[in-house]
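Down below is the structure, laid out as structure tokens.
What follows is calculated from the coordinates using simple rules that are stated; it is not laboratory data. Predicted, not measured: the structure shown is a model, and the values here were computed from it. When we count neighbours, we look across all protein chains shown, and the Cβ atoms used for this are built from the backbone with ideal geometry, even at glycine.
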Amino acid sequence: MPADPVNEFIVLFQMMCVVVVFAYLVTRTRFYQEVLDGILTWKNQVLLILVFGIVSVYGSMSGIEILGAPLNIRDTGPMVAGFIGGPVAGIGAGLIGAAYRMTLGGFTMVACSVATLLSGLIAGLIYLAHRREIPGLAVGVAAAIIIEGVHMGLVLLFSRPFSQAVALVSDVAFPMIAANAVGIFIFGFITLNLKKEKETARERDRYQGELQRKNAELHIAREIQESFLPPALPSLPGYTLAAESRPAREVGGDFYDVLASPGGRIGLVIADVSDKGVPAALFMALSSTVMRASAAWHQKPGDAVQDANSLIARESSSGMFVTLFFCLLDPDKGTITYVNAGHNPPILVRNDGTSISLSMTGMALGVDTSESYEERSLSLCPGDLLVLYTDGVTEAEDSLHRQFGEERLESIARQKRSHSAAEVLATIQSEVSMYTNAMPQYDDMTLVVLKVGS
């Protein structure tokens, strides 16, 4: 048969396409998946030997005869077995392919049979050299080219007559080397992509597991943080009181508190940590605990806040700070004495509709250990409404990034001043929600509302 390298390569490539389809099906089997995971049991080794031994036999059966010798892709099967299963699998598949080649006879019988056996051995040794890992595409293809070059060398070394061996090698070397190299490339591409898919799936599962664990931890953290808030608000004759905190994340940096004080007085606290998320939640826990202890120890709001600031500033090494408003309500006298430590000024709406802004009387807590805080006092009258809030309320934005604003909050408080504290709080929350129109909540939102009278 006259030599036609192009036709020979086309025939070999057609054979390789069949092998690729077979390879795709094999790579989806359970045993192959286990091999990719490094599970090389004796059973999986036997299956590798049989499957790729059959591939080697097919490579011989589907070959074409050139100058009395079959042109084929027989070495692809043992090479693949060696690359993914090591020397045992490679030699085993090579033995099957070599045994079948011996039955075909021809003057290249010995050389081709030895070459098939060596292809599995060399591929297996490359697998070991890569620490029992499948080599990359470049290494696999380069190895296939070298192995087929060795194959051609063995034909020249052992096959006689020598002139016929030279003629054969000159005709089949390029198509045979190219076809086997292409086969290894395609098979390696399928295998390495499958391995990458498995690694990606495992990484995704690990990520999802880690995410679930963190979500569970955040859920617990939120429950712990909520335990720092008052479980219930006290009933105050002649007053109504309402409060709620909505963190922007699972945990937040806002907090409020209602504290009992000697003489029947009630302390109201609202605060906002400068950060968000878990760091803010931890700082919030520290600030809340310190403020509770300080308020229980000191009779005057100014002393309580000053002492709390001194402790928090000494413990704050992260640069965080907390704005805080603290007032003592004397229900019998109808007065409040307050300290505003850098916090958003609460709004006091009088029963006649006029309003007062309770401005700052000192710096935020955690900034300067020596900061002092001025106390201020106000008398309350029936119908007065006091609204404490954090900046998450007034800085809530609509779709055009316009803020809700203090003026809008004050207007709502003025309009609803005749309602109970709970009704005023619900109205403010509703108005903020309608204003933002489902925009994501950027910051924690906390409200405390005190109404004088029912």
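For the range 115-208, trypsin sites (Lys or Arg not before Pro) are listed when DSSP marks them as loop and at most 15 other Cβ atoms sit within 10 Å of their Cβ; the list is ARG131, ARG132. Every Cα-Cα pair of the range 22-159 was included, and the share exceeding 18 Å stands at 50 percent.
Please find the FRET efficiency linking LEU128 to ALA422, where r is the Cβ-Cβ separation and R0 is fixed at 51 Å, and quote it to the nearest 0.05.
Details: r = 75 Å, r/R0 = 1.47.
So the FRET efficiency works out to roughly 0.10.
For LYS300 and GLN415, the difference between the fully extended length at 0.36 nm per residue and the C-alpha to C-alpha distance is 38.1 nm. If you fit an axis through the alpha-carbon atoms of helix 109-129 and take the longest principal axis of the Cα set of the chain, what angle between them do you get, 0 to 90°, nearest 10? That works out to roughly 20 degrees.
For the range 330-347, backbone phi angles converted through the Karplus equation (6.51, -1.76, 1.60; θ = phi - 60°) give residue-by-residue couplings of 9, x, 6, 7, x, 10, 10, 10, 10, 10, 10, 8, x, 8, 4, x, x, 10 Hz, Gly and Pro being listed as x.
Highest average first, the peptides 135-142, 302-309 ordered by how many other beta carbon atoms sit within 10 Å of their residues are 302-309, 135-142. The modelled label-to-label distance for the pair LYS43/SER163, using points 7 Å beyond Cα in the direction of Cβ, is 5.8 nm.
Working ranking of peptides 336-342, 348-354, 118-124, 172-178 by packing, defined as the average number of other Cβ atoms within 10 Å per residue, highest first, is 118-124, 336-342, 172-178, 348-354.
Relative to the dominant Cα principal axis of the chain, helix 301-315 is inclined by about 20°.
Given only helices, namely DSSP H runs of n ≥ 4 each adding -39500 (n - 2.57), what is the per-residue ellipticity at 222 nm of the chain, to the nearest 500 deg cm²/dmol?
-19000 deg cm²/dmol, from helical runs alone.
If exposed means no more than 13 neighbouring beta carbons inside 10 Å and the site is in a DSSP loop, what's the longest run of the chain without any exposed GluC sites (Glu not before Pro)? It works out to 134-373. For the range 5-205, averaging the sequence separation of C-alpha pairs within contact (under 8 Å, six or more residues apart) and dividing by the residue count gives a relative contact order of 23 percent. Once the Cα atoms are used to define both axes, helix 406-415 deviates from the longest principal axis of the chain by about 50 degrees. Using R₀ = 60 Å, calculate the FRET efficiency as 1/(1 + (r/R₀)^6) where r is the Cβ-Cβ separation of ALA138 and GLU374; round to 0.05. Rounded to the nearest 0.05, the efficiency is 0.20.
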